[in-house]
Amino acid sequence: MNIAGVLVHANAQRMPQVRGVIEQLAGVEIHAISEAGHLVVTLESENDEQLLLTLESLRTIPSVYSTSLVYHHCEPDEDQPCAKKECKP
């Protein structure tokens, strides 16, 4: 399990559209939105590859200027012995 905290900077004038797209992404939750166009979001994924794909999806949303990974935590799934190889905290 991967958990990441991301700061998203977007066009404040287009925030309703940006927010709508982000809310449709699986494993993504918005925690805060500023009037200046910043969003604090968390991402949850089963593996590193899925996390990177979700981060790239955020980055390519129209009117998003940038995304910054500010936190990452990874815990191996005890049911999958090879997960420890994928998970690099």
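Bear in mind that the values in this text are calculations on the coordinates, not laboratory data. Given the structure is predicted, the values throughout are model-derived calculations rather than measurements. With ideal geometry, Cβ positions are generated from the backbone for all residues, glycine too; neighbour counts draw on all protein chains shown.
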- Note on the structure: Subset of the stretch 33-47, residues surrounded by 15 or more Cβ atoms within 10 Å (Cβ to Cβ) and not in a loop (DSSP other than H, G, I, E, B), comes to 33, 38, 39, 40, 41, 43, 44, 45
- Message: Given the condition surrounded by 15 or more Cβ atoms within 10 Å (Cβ to Cβ), within 14 Å of residue 2 (Cα to Cα) and small (Gly, Ala, Ser), answer yes or no: does some residue in the stretch 20-28 qualify?
- Response: yes
- Restricted to the stretch 54-68, and to residues that are within 9 Å of the chain's Cα centre (by Cα) and part of a helix (DSSP H, G or I), which residue is farthest from residue 23 (Cα to Cα)? 56
